[in-house]
């Protein structure tokens, strides 16, 4: 299974906060691709989210938009 490439770097979540995508990792049991990312605010916690969710569009305030938008390195 080939790893999907996303740009690593800073992203803005559709609700406004910023995060840094650190890597795309694979689940050792299912091979599902997962984005490893860090909040760029508060405690700067590290999170994971399935790549499919990272790349999906969501509706917020009646507007369809990307969940995360790349904003730079």
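Looking only at Cα atoms, what is the convex hull volume of the chain per residue, in Å³?
On the way: hull volume 6.7 nm³, N = 73.
So the per-residue Cα hull volume is 92 Å³.
Suppose a student asked you for the relative contact order of the range 9-72, using Cα pairs under 8 Å spaced at least 6 residues apart; what percent would you report? All intermediate terms of the calculation are to be shown ahead of the outcome.
Working: 120 pairs, mean separation 21.4, N = 64.
Relative contact order of the range 9-72: 33 percent.
Taken together, the values in this text are just the output of simple stated rules run on the coordinates, not laboratory data. Computed from a predicted structure; not experimentally measured.
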